[in-house]
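Report on the structure given below.
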Amino acid sequence: MRRNDREVRDRAEIQRILEVAKVLRLGLTDGDYPYIVPLHYGYVYADDVLRFYMHGAKAGKKLALAMSNPHAFVEFDCEVETTGEGDIACVYGANYASLMARGEVTVVEDPEENAHVR
């Protein structure tokens with residue numbers, strides 16, 4: 001991260017963002033191009049490990065990509081507001097809270113594990 005002074009490491013702030021954000025963007029690899037899909041999610045944050053849970057079909061592109069290469073990236077943002085005004089795009093900016101993380105996709109088939117997710 002270029003701006004270390006803006007990096008979020010506080011567990012309470014991470015959880016706050018996860019509670020406010022409405023969408024998880026899941027990034028997977030599709031050959032030479034990234035494949036990004038917005039999803040609703042649940043999560044478990046225990047022992048300083050975050051696990052995200054996303055619903056999905058038992059067949060389809062998202063699952064096929066995750067099974068062929070389980071490396072994934074997720075992004076969340078919330079509280080987005082633009083700043084600046086005028087006719088020139090580069091005078092605009094934004095204030096927001098966001099989280100990004102990388103990890104691996106696994107398929108959870110245990111109904112008990114899925115039942116306790118927030």
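The values are calculated or read from the model by the stated rules, or taken from the named source; none is laboratory data. Quick caveat, the model's predicted, so the values are computed rather than measured. No Cβ is skipped: glycine too gets one built from the backbone with ideal geometry, and neighbour counts run over all protein chains shown. We work out accessible area using only protein heavy atoms, side chains counted, and drop any ligands, DNA or RNA first. Shrake-Rupley method; radii C 1.70, N 1.55, O 1.52, S 1.80 Å.
Just the residues that are among the small types (Gly, Ala, Ser) and either out of contact with any Phe, Trp or Tyr (no Cβ under 6 Å at 6 or more places or on another chain) or open to solvent by 60 Å² or more (accessible area, probe 1.4 Å) (or both), please, taken from region 1-38.
Pass one, region 1-38, residues among the small types (Gly, Ala, Ser): 12, 21, 27, 31.
Residues satisfying the conditions are ALA12, GLY31.
Hey, among GLU75, GLU85, GLU109, GLU81, which residue is exposed (fewer than 11 other Cβ atoms within 10 Å of the Cβ) and part of a strand (DSSP E or B)?
Details: GLU75 fails: exposed (fewer than 11 other Cβ atoms within 10 Å of the Cβ); GLU85 fails: part of a strand (DSSP E or B); GLU109 fails: part of a strand (DSSP E or B).
Sole residue among the options that is exposed (fewer than 11 other Cβ atoms within 10 Å of the Cβ) and part of a strand (DSSP E or B): GLU81.
Taking ARG25, is it part of a strand (DSSP E or B), basic (Lys, Arg), at pLDDT 95 or above and within 15 Å of the chain's Cα centre (by Cα)?
So ARG25 fits the description; yes.
What is the number of the single condition among (1) touching a helix residue (DSSP H, G or I) at 6+ places or on another chain (Cβ under 6 Å); (2) over 22 Å from ARG11 (Cβ atoms) that LEU99 does not meet?
Just one mismatch for LEU99, condition (2).
Working carefully through the options ALA64, ALA57, find the one that is under 16 Å from ASN114 (Cβ atoms) and either open to solvent by 60 Å² or more (accessible area, probe 1.4 Å) or part of a helix (DSSP H, G or I) (or both). Please lay out each step first, then the result.
On the way: ALA64 fails: under 16 Å from ASN114 (Cβ atoms).
It is ALA57.
Of the conditions (1) surrounded by 13 or more Cβ atoms within 10 Å (Cβ to Cβ); (2) under 15 Å from the mean Cα position of the chain (by Cα); (3) not β-branched (Val, Ile, Thr), GLU104 fails just one. Which one is it?
(1)
Conditions (1) in contact with a helix residue (DSSP H, G or I) (Cβ under 7 Å, 6 or more places away or on another chain); (2) of a type in the set (Gly, Ala, Ser), marked per residue:
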residue: TYR43; (1), (2): yes, no
residue: ASP48; (1), (2): no, no
residue: ALA64; (1), (2): no, yes
residue: THR82; (1), (2): no, no
residue: GLU85; (1), (2): no, no
residue: VAL107; (1), (2): no, no
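Report, by residue number, each residue of region 39-54 that is assigned to a strand (DSSP E or B), open to solvent by 50 Å² or more (accessible area, probe 1.4 Å) and out of contact with any strand residue (DSSP E or B) (no Cβ under 9 Å at 6 or more places or on another chain). Write out each step before concluding.
Step one: list which residues in region 39-54 are assigned to a strand (DSSP E or B), which gives 39, 42-46, 49-53.
With the extra rule that they be open to solvent by 50 Å² or more (accessible area, probe 1.4 Å), the set shrinks to 49-51.
Once the filter is applied, which keeps residues that are assigned to a strand (DSSP E or B), open to solvent by 50 Å² or more (accessible area, probe 1.4 Å) and out of contact with any strand residue (DSSP E or B) (no Cβ under 9 Å at 6 or more places or on another chain), region 39-54 yields only VAL49.
Under 15 Å from the mean Cα position of the chain (by Cα), part of a strand (DSSP E or B) and of a type in the set (Gly, Ala, Ser): is that true of ALA94 in this structure?
Numbers: under 15 Å from the mean Cα position of the chain (by Cα): no; part of a strand (DSSP E or B): yes; of a type in the set (Gly, Ala, Ser): yes.
It is false that ALA94 is under 15 Å from the mean Cα position of the chain (by Cα), part of a strand (DSSP E or B) and of a type in the set (Gly, Ala, Ser).
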